[in-house]
Every structure is written in structure tokens, then in C-alpha cells.
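Student: Just passing along the structure, written as C-alpha cells.
The values are calculated or read from the model by the stated rules, or taken from the named source; none is laboratory data. It should be emphasised that the depicted structure is a prediction, and the values quoted were computed from it without experimental measurement. Note that each Cβ is placed from the backbone with ideal geometry, even for glycine, and that neighbours are counted across all protein chains shown.
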Amino acid sequence: MSLPPGFLDELRNRVTLSSVVGRKVVWDMRKSNQAKGDFWAPCPFHQEKSASFHVDDRKGFYYCFGCHAKGDALGFLKESENLSFMEAVEMLAREAGMQMPARDPQAAQKADRRSQLAEVMEEAVKFYRLQYRAGAGQMARDYVSQKRRLSDAAQDRWEIGWAPDSRVALLNALKAKGVPPDLMVDSGVIARGDDGSLYDRFRARVIFPIRDARGRAISLGGRSLDPNARAKYLNGPETELFDKGRNLFNHGPAREAAGKGRPLIVGEGYMDVIAMVEAGFPAAVAPLGTAITEDQLRLMWRISPEPIITLDGDTAGQRAALRVIDLALPLLEAGQGLRFAVLPQGLDPDDLLKQKGAPALQEVLDQALPMVALLWRRETEGRVFDSPERKAALDKSLRMALMKIKDASIRKHYGEDIKELRWDLFRQGRRPARSLDRPFGAPGMSFRPGGRNAKPQAVEPLATTRASMLGSNDGEAAVIELRVSVVLATFCLHPSLIDRHEAQIERMVLGDDMHRHLRQVVLTHAHDHDPETCAARLARAAGPALETLLAHPQIRIQPHIRRPDDSDSAEKCLEMELAKLAAHWGAEAEMREASEDIEGLADEGLTWRISEAARAIRDAEKGPEAARADGVVAPNGVELDREDLDKAQQVWASIDFSRGGKARK
């Protein structure tokens, strides 16, 4: 059975070699570099203890330095499963979700035709190269040498050519070589008019050969020197050889350079790539006249796990980035992402290199942002979030974007970063901001603002119970701290209640490091709806801080703390305690504001405000008042059962705040 052209290439693009080999070996993670697609393991073909079997995901080949076995994914399946070639293809196609083609007796003919088309393309490249060196190409040479500043050696490396301003120059040259008209047209270099006449597709243009990963010429790109031309750049049409959405300009050389550790940089066009490569950035590629496609993204990830997309500093460049984000989100995998380097306004990589040189471009690349930062910028830039409705709209759009991510682990980490950014936007000044364009420190360390190289400083350890207000002699402060502790402990043990109280948790006024730490842990799990595992994960994240709270006697005796399955009691306790805390903090804020005002100009209105605020604090301490015989209504309108309220009041009555919050004997 013959396979159609391109089937095996598509199959190899869809399945990584490491995923095939990984079913038969155990990787040596000390020697492997997963981010670079470099894997080592003991050879599955002969008995050994050392890891001498090497898999290179970028190149798609394996090699054993012991028994010298080598091959690709199909070869590995043939050797390890004792399969024929077509059986290995069928197995790999099932894994990749590809339909095996029907038997095609003409497939061999098609393969021969592709070889013939490739030969026509090579003849066209040679012809345009001769025209470029001849007198007719003087204008093109001046443009490339003076405006683009490419050396003669660089012009030869990129095989730059010139299509003369003639309708039949290439046509006559191919006829002289004996090339049939149908091959000329099917290769894309010759076009057929409505009247059936043949003419050169490229006229009066600088020519850039487009080669596939194997180095075969598959199409041409032309740059017009006429400022009034309808299209500045023109690519050849899609043919049996050339699929715009499945190829990259400079694919082969960039893959080789990336394999040696160079970062993969994605430009917009031919000249961006040529300029970057000549400036010392050899792993540069560009899409071919289209927006980046899913297939091109997969090609990039096969070359490098984290390509850097360069964005022109204009509106069009920003829009292009946003399209790439939507395309990439469903395809993300662990260790496989994108970064975005935003260039100065009005400049592309070629312009920046000409004006400021390679160090300026390197600086831009060093500051490349992760994709989550661009996603956040897209959803927030130019918008004002001064109402609950606008904030809710932002949350909805972000949730919809994150739902596109199929990998649960990546989706979780994106959610955590978005939550940090959301906090910084809505509560700026309440806690230190975390910047996504700087590396994070090691556990127990934080980075000061001021750039990528800011020196880390130690974070103060969490306050212990003895150092907190729970152990002080300030009775009023101890009441508030104890209530906060009860609320946070309740959320930790009953995570199903976090979601409905998220806004109240964010508004809590906390002065204790331990409480702030626990609040962040609680908010991180706000949208985790897996009841079987959420509580355990939350407890692990809370760590010693939660153990410290649960060790306090007045927290330990709470019914819903002793019985984590008693969610009804937990809900009622939260409603009551959050209402008291909100009333207390609101009254305190009013008193502070009135006190500040009274320092400037005292009058009866201000003194009345202070007295009313003091009364509100006293009322908050009393809790909800009776509304009817069988129930009570809290200040926030929540109805509570009388029996539950009596139990809660008995608990609070048992606390002797003059003894630092200890129970009366």
C-alpha cells in the first residue's frame, strides 16, 4: 500500500518520539532535559543499567551509544513491537487520531510528481539568482545592499533573486529546459490566465526561496520595489508542495540552531528573519503570509518548548498576539508555552537591529512576557472596573479563556496567576504586588521591585499564637482576632463555603501575617469544586498556620470545627461572625475618618459621628437582635435560628478576654 504525499510528515508532526518511547523505558531525569526535548534512558533493545539510549524530540530520532540502534518513531515501533512498516504506521496513526488513507494505486505516481515539482522549483530559483547577478538585477542589489544592509555573503546564503519585469522571462527559460506547461503551473511559479495563456507569477520583485525542513525549495516569496504596488509581498499559491499553514520560513536551519540551545524567535516576515539570523539570532522563523496557524504552533513546539513571539509595537502587532493566545490556550502542555517580546512603538526586528543593534533586540527578548500576562492585558487594558458588574464581567471573560486550557494543572496555575493579578488590580496597596515579568524567588524569599536582578530578601516568618493578638491582654483586639481565626479555620475545613463568601473574604481587614497567609490560601481554592480532594489540598497549603489555629481551645471547641461534616452549623457561624466583623470594621473606619476630620475643624456633626461609630462597635459585639419569637435577624439581613444563636452566644460568653481569650473555669 502506498501512502499519499505528506501523510508521514503529518504523522510525525502529531506524535512526539518521547511519548512513543516512554511506554517502553523509564527516563533518567537526572540526565534528561525535558524542556529541550532531550531524554535519556537505559536502552530497551539490550540489557544495561546506565542510561545510554538518547531520544531527541526536536529531530525526531533516537540513538543508543551502546548497541548503536537508531531510528524514528516508526522504526522504534517496528523494532520494539516486531511490526511491519505499515502496521507501525497504522498504530501510530491511531494514537495521533489520523484516519489511515484508502489504498491508492496512484500514490507512487503522486510521489514522483512531487519530486518533479521540486525540480521545477529549483530551476526557478537558479533562474532568478542569475537575473539578480546580471545587469537587470542592479536595482534589486542596491535595495538589498543599501536599504537592507545585507552583505554579499548574506545575499548568497539566502539565495536572493530577482524576477525581471517581464511576463514570459521565466516561462521561456523553463520551456528551454523542456519543462511541461502543466508542471510549470502546478509548481506555482507560472500562472494561467482566463484565456488559457501562461505568464510569470512574479514580476519586478526581489525573490526569497522558501524551503521546507529538509531543505527542498517548495515555493517563492517576492517583495515589490514599486511603492504603488497593490501587494508589497507576494507568496506563491498553495500547491502539492506548499501549504502556507504547515510550513515556516527558515524551518530547517532554525531547528538545528535551537537544538544547540538557541532560543526560537518568531518574526513576521522574511526580512525580519534574515536580519535576526545575520545579527546572531540563528533560530528565527516566520509564518508565510498568514497569521500563525495551529499546525505552525505545533511545528514551533517541536523545535523549542517556549518560542518567543516578537510583536511589532503597533496595533496590528497587538491584535496578532491576541489571536495567537486564543489559538495556543487549548494546545498548552506542561513545559510547552509561549512568550511575547513587545518591540518599541513603530519598529519591527529589522528596524530595531538597524537602529540600535543586536544588544537592543536581546534586551527586548530578555523582557519577554509569559502568555498569562498578555491574556490579562487583553482583558483589562483600557477598561475601568469601578462597579461590581464590570468586575463580574471581567471574571466571566477570564473564566471563559481559562476553560479553553485542557491541561488541568496548567489551568490551575493560570488561575492562581490571574487571581494574583486580580488582587493587585482591585486591592492595590493592600499587599505587595507580584510581577509576572520577573522570576519568582525560592520558597521563603521575595523580590523587591526594581527589575529582574533585584536582590532577594527574607520574608518575615508567620506570627505564632503567642506573638499574635490571640495571646495579648487587649480584650477588644483579642475578640476580633479570635473571630477572624474562627472564620478562617471554618473556611479551611469547609471549602465548599468559600465560593459564596469570596467577596467578604477579600474585604477582611487583617493585621496578622498568619491570617493574611491563610486568607490567600483560602482565596486560591475559591473555585475548586472537588469536595473530595479540595479540603486535603487546602489543608496542605495552609500548613502550620492552620494547625496553630486549630490548637487554640476556643476554636477547637466549635461544633463545626469538631465535626467537619456539619456544614449547616459552619454556614450559620460564618454568617454571624462575618456580619459582626463587617459591622466592627465599618464602624472603625468611620471613627478613623471622623477623627481625622475633627483635627482640622471640630463641630457637633463630627462628634456625633464618633459617638455613633462607637455605638455601632458596641452593637456589633452584641450580635444579632431578636426579630421574632422563633428566630433572629442579623444586621446584614441574614435570618438565624434562635437555638443556634443561643449556642454561639454561650461559646462567646465562656471566653474570658481579660485572660487573653482563654476559657473561664
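Let's see how each residue does on (1) free of Cβ contacts under 8 Å to residues at least 60 places away in the same chain; (2) touching a strand residue (DSSP E or B) at 6+ places or on another chain (Cβ under 6 Å):
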{"residue": "TYR128", "(1), (2)": "no, yes"}
{"residue": "TYR132", "(1), (2)": "no, yes"}
{"residue": "TRP158", "(1), (2)": "no, no"}
{"residue": "LEU170", "(1), (2)": "yes, yes"}
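Student: Let me ask something additional. Which residues, counting only those in the stretch 196-234, are modelled with pLDDT of 90 or more and charged (D, E, K, R)?
Tutor: Across the stretch 196-234, the qualifying residues are ASP200, ARG201, ARG203, ARG205, ARG211, ARG223.
Student: While we're here: Sort through PRO307, PRO237 and tell me the only one that's at pLDDT 90 or above and either under 30 Å from LEU329 (Cβ atoms) or in the same structural domain as GLN362 (by TED's automatic domain parsing) (or both).
Tutor: Matching residue, one of PRO307, PRO237: PRO307.
Student: Let me ask another. Could you look through the stretch 48-73, keep only residues that are among the charged types (D, E, K, R) and over 17 Å from GLY259 (Cβ atoms), and pick out the one that is surrounded by the fewest Cβ atoms within 10 Å (Cβ to Cβ)?
Tutor: LYS49
Student: Separate question: Which one is nearest to ALA213 (Cα to Cα), of the residues in the stretch 6-16 that are in a helix (DSSP H, G or I) and within 24 Å of the chain's Cα centre (by Cα)?
Tutor: ASN13
Student: In addition: How many residues does the stretch 479-527 hold that are farther than 26 Å from TYR414 by Cα, modelled with pLDDT under 80 and in contact with a Leu (Cβ under 8 Å, 6 or more places away or on another chain)?
Tutor: The number of residues fulfilling the criteria is 0.
Student: Does any residue in the stretch 407-426 that is surrounded by fewer than 15 Cβ atoms within 10 Å (Cβ to Cβ) come within less than 8 Å, Cβ to Cβ, of a residue that is of a type outside the set (A, V, I, L, M) and in a loop (DSSP other than H, G, I, E, B) six or more places away or on a different chain, and which pairs are these?
Tutor: Matching pairs, first to second residue: LEU425/PHE385; PHE426/PHE385.
Student: Can you pull out the residues in the stretch 240-277 that are basic (Lys, Arg) and either surrounded by fewer than 20 Cβ atoms within 10 Å (Cβ to Cβ) or assigned by TED's automatic domain parsing to the domain that holds ALA124 (or both)?
Tutor: Answer for the stretch 240-277, where residues must be basic (Lys, Arg) and either surrounded by fewer than 20 Cβ atoms within 10 Å (Cβ to Cβ) or assigned by TED's automatic domain parsing to the domain that holds ALA124 (or both): LYS244, ARG246, LYS260, ARG262.
Student: Sticking with this structure for a sec: Only residues that are out of contact with any Ser or Thr (no Cβ under 8 Å at 6 or more places or on another chain) and assigned to a helix (DSSP H, G or I): list them for the stretch 376-386, please.
Tutor: Those that are out of contact with any Ser or Thr (no Cβ under 8 Å at 6 or more places or on another chain) and assigned to a helix (DSSP H, G or I): TRP376, ARG377, ARG378, THR380.
Student: What's the number of the condition ASP195 fails, among (1) in a loop (DSSP other than H, G, I, E, B); (2) under 39 Å from the mean Cα position of the chain (by Cα)?
Tutor: Result: ASP195 passes all but (2).
Student: Which residue, of ASP619, ASP603, ASP530, ASP566, is at pLDDT below 75 and under 22 Å from ASP499 (Cα atoms)?
Tutor: That would be ASP530, the only listed residue that is at pLDDT below 75 and under 22 Å from ASP499 (Cα atoms).
Table: residues versus (1) farther than 23 Å from VAL273 by Cβ; (2) over 37 Å from the mean Cα position of the chain (by Cα); (3) not assigned by TED's automatic domain parsing to the domain that holds ARG302.
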{"site": "ALA153", "(1), (2), (3)": "no, yes, yes"}
{"site": "ARG157", "(1), (2), (3)": "no, no, yes"}
{"site": "LEU174", "(1), (2), (3)": "yes, yes, yes"}
{"site": "VAL206", "(1), (2), (3)": "no, yes, yes"}
{"site": "SER219", "(1), (2), (3)": "no, no, yes"}
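Student: Based on what the data block shows, is ALA88 over 22 Å from LYS260 (Cβ atoms), outside the structural domain of GLN336 (by TED's automatic domain parsing), under 35 Å from the mean Cα position of the chain (by Cα) and not polar (S, T, N, Q)?
Tutor: yes
Student: Would you check if there is a residue in the stretch 385-400 being under 12 Å from the mean Cα position of the chain (by Cα) and not assigned by TED's automatic domain parsing to the domain that holds THR310?
Tutor: Checked the stretch 385-400: no residue is under 12 Å from the mean Cα position of the chain (by Cα) and not assigned by TED's automatic domain parsing to the domain that holds THR310.
Student: Further, regarding this structure: Residues ALA341, ALA373: which one is closer than 30 Å to SER409 by Cβ and not in a helix (DSSP H, G or I)?
Tutor: ALA341
Student: Something else about it: When ALA291 is evaluated against the numbered criteria (1) part of a loop (DSSP other than H, G, I, E, B); (2) touching a Pro at 6+ places or on another chain (Cβ under 7 Å), which criterion, by number, is the only one it fails?
Tutor: So ALA291 meets the others, but not (2).
Student: Something else: Can you spot a residue in the stretch 572-581 that is in contact with a Leu (Cβ under 8 Å, 6 or more places away or on another chain), in the same structural domain as ALA477 (by TED's automatic domain parsing) and assigned to a loop (DSSP other than H, G, I, E, B)?
Tutor: The answer is no; no qualifying residue exists.
Student: While we're here: Give the residues of the stretch 22-47 that are surrounded by fewer than 19 Cβ atoms within 10 Å (Cβ to Cβ), assigned to a loop (DSSP other than H, G, I, E, B), at pLDDT below 85 and under 24 Å from the mean Cα position of the chain (by Cα), sorted by residue number.
Tutor: none
Student: Quick one: which residue in LEU343, LEU327, LEU361 is surrounded by 17 or more Cβ atoms within 10 Å (Cβ to Cβ) and either within 18 Å of ARG262 (Cα to Cα) or of a type in the set (Asp, Glu) (or both)?
Tutor: Residue meeting the stated conditions: LEU361.
Student: Quick check, is ASP165 outside any helix (DSSP H, G or I) and at pLDDT 90 or above?
Tutor: yes
Student: If you don't mind, another one. For residues in the stretch 202-223 being of a type in the set (Lys, Arg) and farther than 18 Å from GLN116 by Cβ, which is surrounded by the most Cβ atoms within 10 Å (Cβ to Cβ)?
Tutor: ARG205
Student: Collect the residues in the stretch 395-411 that are in contact with an Asp or Glu (Cβ under 8 Å, 6 or more places away or on another chain) and either under 22 Å from PHE385 (Cβ atoms) or among the aromatic types (Phe, Trp, Tyr) (or both), keeping them in residue-number order.
Tutor: Result: SER397, LEU398, ALA401.
Student: Select, from VAL521, VAL484, the only residue that is out of contact with any Gly (no Cβ under 6 Å at 6 or more places or on another chain), touching a residue at least 12 places away in the same chain (Cβ under 8 Å) and buried (at least 23 other Cβ atoms within 10 Å of the Cβ).
Tutor: VAL484
Student: Now for a different question. Do we have any residue at all in the stretch 407-416 that's assigned by TED's automatic domain parsing to the domain that holds VAL384 and modelled with pLDDT under 50?
Tutor: no
Student: Go through the stretch 310-338 and count every residue that is part of a strand (DSSP E or B) and either under 20 Å from ALA401 (Cβ atoms) or modelled with pLDDT under 80 (or both).
Tutor: So the count comes out to 5.
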